[in-house]
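Visitor: Submitted below is the structure of interest, expressed as structure tokens.
The values are calculated or read from the model by the stated rules, or taken from the named source; none is laboratory data. Just so we're clear, the structure is a prediction, and the values are computed from it rather than from any experiment. Here the Cβ positions follow ideal geometry from the backbone for every residue, glycine too, while neighbour counts run over all protein chains shown. For accessibility, only protein heavy atoms count, side chains too; no ligands or nucleic acids. Shrake-Rupley method; radii C 1.70, N 1.55, O 1.52, S 1.80 Å.
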Amino acid sequence: MSGKKSAAPKPDMTVKQFKETVIKHLRSTLGTYEEKASKQAWNQAIAASVNEFIFDGVSRTRKTHAGKDARAVHYLSLEFLMGRLMSNNLQNLGLYELADKAMKELGFELADILEEEPDMALGNGGLGRLAACFIDSMATLALPAIGYGIHYEHGLFRQEFFKGRQVERPDQWREFGSPWEICRPESEQVVKLYGYVETVYENGGSHKVWHPGRTMRAIPWDIPIVGYGGHNVNVLRLWESRADKFFDWDVFNSGGYVDAYTESVQAETVSKVLYPNDETDAGKELRLIQQYFFSAASIADVMRRFRNAHGNDFSKFTALNALQLNDTHPAIAIPELMRVLVDEEGISWAEAWKMTRETFSYTNHTLLPEALEKWPLRMIQHVLPRHMEIIFEINARFLKDEVETKWPGNDGIKRKLSIIEEANGQMVRMGNLSVVGSHAVNGVAQIHSDLVKKDLFPEMNELWPGKFLNVTNGITPRRWMKACNPRLSTLIEKHVDADWPRYLEKLTALKPLADDSKFQKEYMAVKHANKEDFVKVIKELTDVDVSADAIFDVQIKRLHEYKRQHLNLLYIMALYRRLLINPDYDMHPRVFIFGAKAAPGYYLAKEIIFAINKVAEKVNNDPRIKDKIKVVFLPNYRVSLAEKLIPAADVSQQISLAGKEASGTGNMKLALNGAITLGTLDGANIEIAEEAGEENVVIFGMDVDEVVETREQGYNPGHYYQNNEELKAVLDWLDSDFFTPGEPGLLSAVKHNLVDHDPYMVLADYQSYSDAQSKIDALYRDKKAWARAAIINTASLAKFNSDRSIQDYADTIWNLKPIKAAAK
Ligand code: 6GP
């Protein structure tokens, strides 16, 4: 036991009162009664009961912040991958156990009722989930913070498989409304688009007036974000687009029934769908409009709040406001703030620019060139004519005052640093705009931040030493341990202070127990029970029978070549082949578990899904290998599925090509829950290895320097293909009809991509990966050694608490202090 026990959140309520509240809401909010209510109605009644606490928290927090004129951060993100909210809200309010008991007394399993809640899938992957963990931590740390995003009608598509291929279906997260949102019509904003700019000359000077071609309404929906302990409840404000005159009666009366709706349909398209792209540039006008729409509405909201408190005295603006750009998606907010300050408030350019730069900071989430956003200059000019002028002016001053001063007469550097790219028709580089317009730029793991400085923006780094920082990502231990792994949490709580979900470093108290055989047994019994639960989920979702005694080897993340799900596939095929050659091949049984969505337009990613599904079909039904390998691809991977799988995982595959995965956060969730990382020296894997000790992770493959070296020497994947007998055999297998009977060649795209191109050097790392997999097998068979390594992982991951990440942002970038909400 470490130190004194400090309290976990305590509810101000009894089981009996909770039951009464739920029943009250069942009747008076939902208009039904106990005998008749569906599970969905019970779910809503619980939500309404929990909201009594939450809404009170929102109002207390708002009032406290307003009263103190608090400095606040505004976190601008096109994605918030929230998942479900109920269990997290119950946990953070300390109500979970009480609700569990109450529902049992009413004849239900709470866990069962929680399944009724749809995921809020308003994000693609890592970037969106990070934003969700971050707003949880901001509320927990009592930081005055507000998340801004889009109230998408449809979140990320629902994935189904048809004959092994991915099919995308629309997501309908709020088909029947959501109990967690509050519409705030009083804070509606107007967003302008298109039109032209007029220069007005008066009083011996001139100013610009933007005459928009159209306007849209932005309606805010607030989702309360409950901090752990329930003291502070911040909000996530999501904007919904509506037509300005949503129904044109004049047009309607003159017979144009359809036309009367046209404008509203167009305007509402803006918040209709989340772009299902992860780390690719969605080059569409609608996407640009989405970016501007939510940036402009959010800036207007910040301005409204500021003006209410300070009128048009902007002297305190930068002292009170920080604006964080989650990647470049909201970068258009930079010229938008300039426009508001200069055109609407009449502040001088120099003063406005100083304020803008002091206010903004930018987080980079990827080095992949295809994800670095660029917009055609003509498009911005058309959609946002005034902003294009402002970007030109920002650029001209930057090149003249800063670049020219530092590198006089150097046109090469000017070309490189310019916000406007002159090649391929003119393009606006949103990354350059973000760096130029921010006072701080950060990467998301140490190696990534180093590469941002070294490879992506080396000159900018020279120009502004100290502007580039690292903030290693994190995950909220509330959702990713306390709520999703109750068995492990209960075990942990026997040995460490109850407030470990807040102070994750308390788990270091488990380290001395890593060699204790009683604790090892208990810890592994928890894992086994979680696996037993997940065996049922697998059966339900895929109809495949697996054993909880097998190693659960997990790769869950977006499907992308750089993440190398196909490296995993090649190894599965190799193992299968070894077993066919030698039925006594010595290995511990394994279940390979995949979860991944591919961007709908990403051809090779979809081919990889198809190949995995086809290999799975064959392997799972081949009696010769006696169930030693099973392969399951879980359909529709999402937050709520991750919450069930992560506690059951033994092996965490983090096998990206070194230098490509900015950080990863799944790696942190899996390691915290006791899975052993099988990974490359990439992203946060490196820091996980540092924290947990290299002996407690399995590292393989080239590091960043070796990747560069191999590339410089002229990478030739054919060499590996020709010289590795097993590798050649499995690649050739993809060309045959072995996995697609009667249809040879269906899987060839994957082979040919690897043998002929292999942009992510899968073949170069194959042998090393295969050897590392053998190490995993040997380690697993040494039960004590495995248990020890798993426990050490759980005990060592405090660094990856998103509270630590957010504290870093608050200290080094936002200069933000907590303000605890008043009790009443
Ligand atoms: C992701 C990175 O790929 C991942 O490594 C990182 O953990 C995560 O961001 C959070 O920082 N990037 C994206 O999802 C993305 O779309 C533009 O980047």
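Visitor: Could you work out the percent of alpha carbon pairs in segment 421-563 separated by over 28 Å, rounded to a whole number?
Guide: 50
Visitor: Give the residue from 85, 51, 67 lying farthest towards the positive end of the charge dipole for segment 1-99; charges sit on Cβ (+1 for Lys and Arg, -1 for Asp and Glu) and the dipole is referred to the Cα centre.
Guide: Of 85, 51, 67, it is 67.
Visitor: Among 180, 423, 699, whose Cα projects farthest towards the positive end of the dipole of the chain, with charges put on the beta-carbon of Lys, Arg (+1) and Asp, Glu (-1)?
Guide: Of the options given, the answer is 180.
Visitor: For segment 675-764, what is the accessible area per residue in Å² when the probe is 1.4 Å?
Guide: 42
Visitor: Let me ask another. Would you mind computing the Rg to Rh ratio of segment 688-769 from its alpha-carbon coordinates, Kirkwood style for Rh?
Guide: Checking Rg against Rh, the ratio lands at 1.09.
Visitor: Related question: Identify, among 582, 565, 600, the residue whose Cα sits farthest towards the positive end of the charge dipole of segment 551-621, taking +1 on the Cβ of Lys and Arg and -1 on the Cβ of Asp and Glu, with the dipole about the Cα centre.
Guide: Of 582, 565, 600, it is 600.
Visitor: Could you tell me which of rounded, prolate or oblate describes segment 321-456, using a ≥ b ≥ c as the square roots of the eigenvalues of the alpha-carbon gyration tensor, with rounded for a/c under 1.5 and, failing that, prolate when a/b is larger than b/c and oblate otherwise?
Guide: Note, shape of segment 321-456 comes out rounded.
Visitor: What relative contact order, as a whole-number percentage, does segment 146-246 give when Cα pairs under 8 Å and 6 or more residues apart are counted?
Guide: 29
Visitor: Placing +1 at every Lys and Arg Cβ and -1 at every Asp and Glu Cβ, with all other atoms neutral, what dipole size does the chain have around its Cα centre, in debye to the nearest 20?
Guide: In total the dipole reaches around 2020 debye.
Visitor: Which aspartates and glutamates have a Cα lying under 18 Å from the Cα of residue 527, excluding residues fewer than 8 positions away in the same chain?
Guide: 493, 515, 516, 549, 553, 643, 650, 777, 782
Visitor: Also, I was wondering about something else. How many percent of DSSP beta bridges within the chain run antiparallel, rounded to 5?
Guide: The antiparallel proportion sits near 45 percent.
Visitor: Okay, moving on. Compute the separation of the alpha-carbon centres of segment 104-129 and segment 722-788 and state it in Å as a whole number.
Guide: 36
Visitor: Where the centroid of each part is defined by its Cα atoms, how far is segment 186-205 from segment 598-642 in Å?
Guide: 53
Visitor: State which entries of 374/563; 101/531; 374/453; 467/511 exceed 28 angstrom in Cα-Cα distance in the structure shown.
Guide: 467/511
Visitor: If you don't mind, another one. Using only alpha carbons, build the gyration tensor for the chain and give me the equivalent ellipsoid semi-axes, biggest first, whole Å.
Guide: Each semi-axis is the square root of five times an eigenvalue, giving 43, 35, 27 Å.
Visitor: Summarise the accessible area of segment 297-397 (1.4 Å probe, protein heavy atoms) by the percent that is carbon and sulfur.
Guide: Carbon plus sulfur share of accessible area: 53 percent.
Visitor: Right, something else. Which pairs, out of 163/775; 63/817; 536/660, put more than 28 Å between their alpha-carbon atoms?
Guide: Beyond 28 Å between Cα atoms: 163/775; 536/660.
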